[in-house]
């Protein structure tokens, strides 16, 4: 398969036997969540939906896959979500079939979905790639595959001689999984398991610097990859550097 | 007719009882216009009976005024002052059968309830508590009776947002009470007319009585030594000289440091705003009783709190402003007919020169203007919310009519826009012209009765020494502090280890540059005029003429002559020097804080745009430190000074300030005052940068710029500095680092990142490739190979063995293929490798180092490399081509 990095997302277009558009962590309804925490801004859902639609138009996929955290409020559904989600999902449905692998923020979303649109929480193998939200232990059958996950909202900041030259850009992190740490058996054919952390689609995501994902304890997988040789890419696929070197440079 | 005879017999009798045999000059001049019912601004030194000047005629009217309700409001900026005024006025009120009360944050519930049921004739209060009077229904009923409003220490309020808020509150009061008489009491200011307009609003006539302070001042400047020990000794000598003294310092930390050293004496106490009320009152009382000889205090003591007789005011370090010096020294003596004695203890060369200049100006009564704030939109939002809580619903037209009566808003047409913004964050609702409040409106108002930014302080905790090392404002922290970040506090570099429970856990860091800016409180800026005259003094060496004593003069002369001996030019009012140091360039320029702040930012913005790298700045009144990447030299800065168009400074700043820490810090503060962000908001996992983008082109952003361009930066003066340079009036020279350039800095620190993300990315990728390993292999003799970093490769690599330039630049893993290329007999596959290596070497032969860079990139082989080079682009475009090739490779060839 070949991936295409869609910078207008960030989103991924995975091309193999079919074209699959992947979007992680859209967090519809987050604004009312912010409001409860004391930050009051208007809903940006319409703009976020417009971005989804333009990613669809740009890539002409066969299907859209939401990689979890399509909505925001937990444990209760917010008023904003009740009001907005049905229409958002309808708009997408009219353009293209979609699936959701639920994340930790998706409790209760079933009521807005058709049965076939909801995939299992543990993840799913689609067209040769394993997809999962990323907040739980990896299931045994994911081993030996490329795993694409969301949940971690990775970002990268760039530094030059004087200081920080670019702050918190959405970033992809590609790494080898340490199977033992992740509680997986080795693949029977010795195929390695790789994981691609996707940045959040949601524009207000604070993000976790790629340099600290490994120490973050944000998920069972976050500490189970080879950080030294992991590779960091920007939203448009620009290769920045090996994670090991980024960490070393930040300390220098 | 003498003023006294204007007063009614009851008042005259009370005067006699109080032993007021003679009225002071201030009272003589102020009483007649007040008796005539005029709005009056009374400017007079502290301790000349200002309060009585205003209150005697007011009492005169109050005793004849029937009915109940608040009849006069006496507003002061400080609770401590309220207590003092109450103490002074109680006697009069008692004698005259008037009731008086005080109401502010410290007032007990019992007292508050009593006032609500049975309002005193005279209420002493603060601007913030005045706001609260409009909220309660019962209190509101007492407002229509108000006939007099006295604002004490009005100079302290007029230039601040507190004052802007108060001026609207007075207009809201007028909605209930109709027109009332306004009396403002002020210390010396440079612009009495404007301060009077602030008092009365645009259209009401006013009178001004101005009693100058300066003739009664005796101020001397003494050099106290450069190290803290000798400064402490100088302070002690000063304290010992007089029976009672106030020791003014500029910051709380200085107060603490001096207090720490002087406590042992047993006759010195510290007094500042962070201490509890009890501790402060205790210190005041003991001073009054003569149990302590000296009180170390900050600006809170400037105001007229009565603490008994003060023989001398000692000012530790330059007072920075003329008006501040006058006000502080005015605390000594406390009678118009006695002279106020003041001594400034200067703590360094800049400090000494500046103190001499400020003293000269003080003697000539050249006080600074109080700059009245015009159109503060956060204040407007605050008062719109207040009006809605007060009335439930109100039209935009009525709001506009009310606020435009206040001087600071007379031409303000921003009400609809501000209302739109408030509706956006659900503080109010807006239907056509009618505004109504939401549930959140009242909560917001209770949390925002004050316009003083109520900053949560975040503690910085050192993991290694297990000690707190300081605090940062929360508005600053949320935008800038993340794990792994480094920043400078108190001159030391720290790295953030963790953010925990509102604490920043740090450890000492060792890198040379701080990534993050830091903000050490809001300092008193040195005005442009003071900084320029200080520069002139450096040039004329007229230290003696400025009244420097022998010791001070010798010290200053020594500094100047040691500079001259080493051939170092001395920066002055007509000379700017640029001095190299390890991390960049120091620009010595006597522009004062605000002009230097603007200039430093404009120059950094231009540098980042031109060189695509970040620039760090530290700004003081007499110098700007630029932290620069190694490629930028003093000459580049000089070229910019000559080429920047002074007329474009503001425009450039407007465009580029958005990227800076200062802007983000301010916009968070202002969004809070607008009610868009709650005081106690939890920002965890929200991108504050993206969040702030939603304020783009809103009144929140407008207000942020307004504040930056008035309180932090002065574009006009910065443009003047640039004009002086470009007209040749001011010379610019490049010099080695001098004693003056090395002096400490104060004020702000910031990092200006490059304008486009693109530049930052290219720089990062360039750095990655330069740091990559490359294997050089001679395709001519095939005997030499060398593994090296791209950064060490010369312009045209050459084989040291055979001297040929046919050198292939290979990826390190291609090392294993070299033996096959050396073989005599080759398989087809091996021949292909050889052809590939040969092609590689040929590209290096024709394009040199550029080819090596391209060949080091991820997934770029000879084919791609020659395509990239064939595009014949250089600089950033060359790297853009490399990035494109890498992206393509990653998409199609790797991993998947």
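Nothing in this text is a laboratory measurement; each read-out follows from the coordinates by a stated rule. Predicted model, so just to flag it, every value in this text is computed and none were measured. Neighbour counts are summed over all protein chains in view; Cβ atoms, including those assigned to glycine, are modelled from backbone coordinates with ideal geometry.
The figures follow:
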{"read-out": "Shape of the range B:61-118, Cα gyration tensor, a/c cut at 1.5", "value": "oblate"}
{"read-out": "Per residue, the convex hull volume that the Cα atoms of the range A:131-252 enclose (Å³)", "value": "103 Å³"}
{"read-out": "Cβ neighbours within 10 Å from other chains - mean over A:29-40", "value": "5"}
{"read-out": "Length released on extending from residue B:630 to residue B:10, taking residue separation times 0.36 nm less the Cα-Cα span", "value": "215.2 nm"}
{"read-out": "FRET efficiency, 1/(1 + (r/R0)^6) with R0 30 Å, evaluated for residue B:218 and residue B:263 via beta carbons", "value": "0.50"}
{"read-out": "Debye log10 I(q)/I(0) for the range B:821-891, one point scatterer per Cα, at q = 0.11 Å⁻¹", "value": "-0.30"}
{"read-out": "Inter-site label distance for residue B:551 and residue B:118 at 7 Å from Cα along Cβ, in nm", "value": "6.0 nm"}
{"read-out": "For chain B, calculated [θ]222 nm from helices alone, where every DSSP H run of n ≥ 4 adds -39500 (n - 2.57)", "value": "-13500 deg cm²/dmol"}
{"read-out": "P(r) of the range B:27-82 over all Cα-Cα pairs, binned every 5 Å from zero, in whole percent", "value": "4, 15, 26, 25, 18, 10, 2, 0"}
{"read-out": "Label point at residue B:99 placed 7 Å out along Cα→Cβ; residues across the range B:127-142 whose backbone nitrogen lies under 18 Å", "value": "B:133, B:137-142"}
{"read-out": "Peptide-level mean, for B:610-621, of C-beta atoms on other protein chains within 10 Å", "value": "2"}
{"read-out": "Label-reachable residues, the range B:163-199, where backbone N falls under 15 Å from a point 7 Å from residue B:398's Cα toward its Cβ", "value": "B:172-178"}
{"read-out": "Long-range Cα-Cα pairs in the range A:26-110 (distance over 15 Å), rounded percent", "value": "58 percent"}
{"read-out": "Long-range tail of P(r) for the range B:622-683 (Cα pairs > 15 Å, %)", "value": "71 percent"}
{"read-out": "Neighbour-count ranking [beta-carbon atoms within 10 angstrom, fewest first] of A:114, B:553, B:597", "value": "A:114, B:553, B:597"}
{"read-out": "Label-to-label distance, nm, for residues given as residue B:640 and residue B:888 (7 Å Cα→Cβ offset)", "value": "3.7 nm"}
{"read-out": "Along each principal axis, Cα extent of the range B:695-740, largest first, Å", "value": "45, 27, 17"}
{"read-out": "Cα-based Rg / Dmax (Å) for the range B:172-218", "value": "13.8, 48"}
{"read-out": "Rg/Rg_ref, the range B:3-210, where Rg_ref = 2.2 N^0.38 Å and atoms are Cα", "value": "0.95"}
{"read-out": "Helix-derived mean residue ellipticity, 222 nm - over chain A, DSSP H n ≥ 4, -39500 (n - 2.57), to 500", "value": "-6000 deg cm²/dmol"}
{"read-out": "Rg [Å, one decimal], Dmax [Å, integer] - the range B:357-488, C-alpha atoms", "value": "21.3, 60"}
{"read-out": "P(r), alpha carbons of the protein assembly as shown - 10 Å bins starting at zero, rounded %", "value": "2, 9, 15, 19, 18, 14, 11, 7, 4, 2, 1, 0, 0"}
{"read-out": "Debye log10 I(q)/I(0) for the range B:563-617, one point scatterer per Cα, at q = 0.24 Å⁻¹", "value": "-1.06"}
{"read-out": "Label-point separation in nm, residue B:680 to residue B:141, each point 7 Å along Cα→Cβ", "value": "3.3 nm"}
{"read-out": "DSSP beta bridges in the range B:214-363 [antiparallel fraction, %, rounded to 5]", "value": "0 percent"}
{"read-out": "The range B:698-770 versus the range A:52-125: alpha-carbon centroid distance in Å", "value": "47 Å"}
{"read-out": "Per-pair calculated FRET efficiency, R0 = 51 Å: residue A:43 and residue A:127 via Cβ, rounded to 0.05", "value": "0.90"}
{"read-out": "Shape of the range A:59-194, Cα gyration tensor, a/c cut at 1.5", "value": "oblate"}
{"read-out": "Relative pair counts by distance (%), Cα atoms of chain A, 10 Å bins", "value": "7, 32, 36, 20, 4, 0"}
{"read-out": "Ascending count of other beta-carbon atoms within 10 Å, so fewest first, for B:607, B:551", "value": "B:551, B:607"}
{"read-out": "Segments B:871-882, B:835-846 sorted - mean Cβ within 10 Å per residue, highest first", "value": "B:835-846, B:871-882"}
{"read-out": "Cα convex hull of the range B:600-724, projected area averaged across orientations, nm²", "value": "9.0 nm²"}
{"read-out": "Globularity index of the range B:388-447, i.e. its alpha-carbon radius of gyration over 2.2 N^0.38 Å", "value": "1.10"}
{"read-out": "FRET efficiency estimate (nearest 0.05) - Cβ-Cβ, residue B:798 to residue B:820, R0 25 angstrom", "value": "0.55"}
{"read-out": "Against the rule of thumb 2.2 N^0.38 Å, how large the Cα Rg of the range B:98-251 comes out", "value": "1.42"}
{"read-out": "Two-decimal log10 I(q)/I(0) for the range B:307-400, as the Debye equation yields it once each C-alpha is a single scatterer, q = 0.16, 0.18, 0.22 Å⁻¹", "value": "-0.71, -0.80, -1.07"}
{"read-out": "Angle between chain B longest axis and helix B:377-391 axis [Cα atoms, degrees, rounded to 10]", "value": "50 degrees"}
{"read-out": "Between 0 and 90°, nearest 10: helix B:228-241 axis offset from chain B longest Cα axis", "value": "10 degrees"}
{"read-out": "Where only alpha carbons of the range B:760-893 are counted, the Rg and the Dmax (Å)", "value": "14.5, 49"}
{"read-out": "Along principal axes, Cα extents of chain B, largest first, whole Å", "value": "127, 72, 54"}
